[in-house]
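Here's the structure, in structure tokens; my notes come after.
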Amino acid sequence: MITHGYGGIMHVRAFFLTIFLGLACAIGSAHAQEVSLDRSDAAIEAQIEAIYANYEHFRGVTVEADAGVVTLSGTVLETDLITEAEELAQKVEGVIAVRNHLVLDTSVRERVRPALERVGDRALQAVSLIPLLAVGVAVFFLVILVGYVVTRFDWPYSRIAPNAFVENLLRQLVRIVFFIAAFVIALDIIGATALLGTILGAAGIVGLAIGFAVQDTIENYIASIMLSIRQPFRPNDLVRVDEFEGRVMRLTSRATILMTQEGNHVRIPNAKVFKGVITNYTRAPERRFHFTLGINADGDIERAIYLGLEALGSLAFVLKDPAPMVRVEEVGDSSIIIWFGGWIDQRTTNFFAARGEAIRVTKDAMEAGGLELPEPIYRLKFEGTAADIAPVTELAAPPAPTAPTRKDAAPKASLPQAGQEDPVMEKVEAERDTHDPDDLLSEHAAQE
């Protein structure tokens, strides 16, 4: 019984001791919290003011803290600084909220003063960079001079380039590379390499705009390079480019100039020449001419073929190998069309004169052999009675043609000779003798 009573007393003592200790801790914590709170506001103000002291543009800001709530007042020079000041205050430990009462300073004096200070600082910096800038400029011109000297030599450009046009293009590319290298080195010396990205970006935009504006010119220029490297024709070649035909006079950096058979100059853009269908009549020395003649529907076809082959074979400028050819082209209601063809050597025979002479000789041979050239036949249909139709004997016969006297006879024109020079070819040679420096054609260039 005594033991039990003693244990109860001990439990009561422990209970009262626990209550006493709890009250003591609560009183001490409240007192400590009050003291800490008072110190915290002052510490918060001091810390925020210390942060703002590191920024020149926050010198007009006033900070007040009350129970963790910070109030900002004063003026700043830019709108973004209002938000920045609030964000800096919120990062300080112990800040519960921020009341932002900052306003924009609109006084002229305060807004102009920082700009004048920046201008003065940059002027002083520029003066201090004058020696370094002089070194950069000197290195810039030195590198460009080296590039100019390198491009003055004939080798290796004359060995690499197939013609003078491409050789000059290679020299220009080398000069551009040296110019870019000089510019980059100079910027690196003065410590302005960051400016290079801005310049390259602006140059890219400007280059893209210029490229769209002069895309036809650029296309012609690139086509000129390709045509000058692998020339599809030589000077004075007779060519056909799409619907244009003539002899090649010269190839420039923009256009190909032809002289037509009528003596006219035709300038074809090189882009069209490069992409067009080119027919070169002069590349192969042997060329075939052809023409057609007709005989009456009741004429002897076999005799016409025989007389045509004999006439073409009698011409000295017509090659024996390949031999002349004659064939029936078409059989119509009133005529039979015969096709004639023969080969000539263009190096010794004018094509157009040979064709004309072959037509004349073949026509004369067929008429001398009793073959008549066809005449047009018209079928007339008469309507009405027989009395309304006049007899054939009553139709007036046309008067017979009278042969002209010797006095009225026209002089016989001189026949063209098959081996005569082409006047257009002579004109082209005469114009090419002027030695145009812009001409890209060369007798020694590679051909496709």
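The values are calculated or read from the model by the stated rules, or taken from the named source; none is laboratory data. As the structure is a prediction and not an experimental result, all values here were calculated from the model. Neighbour counts are summed over all protein chains in view; Cβ atoms, including those assigned to glycine, are modelled from backbone coordinates with ideal geometry.
Filter the stretch 71-89 down to the residues that are in contact with a strand residue (DSSP E or B) (Cβ under 7 Å, 6 or more places away or on another chain) and part of a helix (DSSP H, G or I), then identify the one that is surrounded by the fewest Cβ atoms within 10 Å (Cβ to Cβ). Ranking the candidates gives THR79 first. Hey, can you tell me all the residues within the stretch 148-178 that are farther than 30 Å from LEU441 by Cβ and surrounded by 15 or more Cβ atoms within 10 Å (Cβ to Cβ)? If the condition is that a residue be farther than 30 Å from LEU441 by Cβ and surrounded by 15 or more Cβ atoms within 10 Å (Cβ to Cβ), then PHE178 is the only one that fits. When the stretch 288-308 is filtered for residues that are assigned to a strand (DSSP E or B) and not aliphatic (A, V, I, L, M), the ones remaining, listed by number, are ARG288, PHE289, HIS290, PHE291, THR292, GLY294, ASN296. When the criteria are applied in full, VAL92 meets the requirement of being closer than 26 Å to TYR52 by Cβ, modelled with pLDDT under 90 and in a loop (DSSP other than H, G, I, E, B). For the stretch 254-281, the set of residues classified as in contact with a helix residue (DSSP H, G or I) (Cβ under 7 Å, 6 or more places away or on another chain), within 24 Å of PHE165 (Cβ to Cβ) and assigned to a loop (DSSP other than H, G, I, E, B) consists of ARG254 only. If you scan the stretch 102-124, which residues turn out to be surrounded by 13 or more Cβ atoms within 10 Å (Cβ to Cβ) and either touching a helix residue (DSSP H, G or I) at 6+ places or on another chain (Cβ under 7 Å) or within 29 Å of ASP41 (Cβ to Cβ) (or both)? If the condition is that a residue be surrounded by 13 or more Cβ atoms within 10 Å (Cβ to Cβ) and either touching a helix residue (DSSP H, G or I) at 6+ places or on another chain (Cβ under 7 Å) or within 29 Å of ASP41 (Cβ to Cβ) (or both), then LEU102, ASP105 are the ones that fit. The residues of the stretch 147-200 include none that are among the hydroxyl-bearing types (Ser, Thr, Tyr) and under 22 Å from the mean Cα position of the chain (by Cα). Give the residue that is farthest from GLY294 (Cα to Cα), with candidates limited to residues of the stretch 329-348 that are β-branched (Val, Ile, Thr) and either in contact with a Gly (Cβ under 8 Å, 6 or more places away or on another chain) or surrounded by 14 or more Cβ atoms within 10 Å (Cβ to Cβ) (or both). Step by step, filter the stretch 329-348, then rank; the result is THR348.
Residues of the stretch 237-253 that are touching a helix residue (DSSP H, G or I) at 6+ places or on another chain (Cβ under 7 Å) and buried (at least 20 other Cβ atoms within 10 Å of the Cβ): VAL241, ARG247, MET249, LEU251.
On inspection, ALA354 fails the criterion of being touching a residue at least 24 places away in the same chain (Cβ under 8 Å), crowded, with 21+ Cβ neighbours inside 10 Å and over 30 Å from MET425 (Cα atoms). The numbered conditions (1) in a helix (DSSP H, G or I); (2) at pLDDT below 80 are all true for GLN417 except (1).
In contact (Cβ under 8 Å) with a residue 12 or more places away in the chain, closer than 30 Å to GLN125 by Cβ and surrounded by 12 or more Cβ atoms within 10 Å (Cβ to Cβ), is that true of ALA186? Yes. Listed by position, the helices (runs of 4 or more DSSP H) contained in the stretch 103-220 that have at least 1 residues being closer than 30 Å to THR71 by Cα and in contact with a Ser or Thr (Cβ under 7 Å, 6 or more places away or on another chain) form an empty set.
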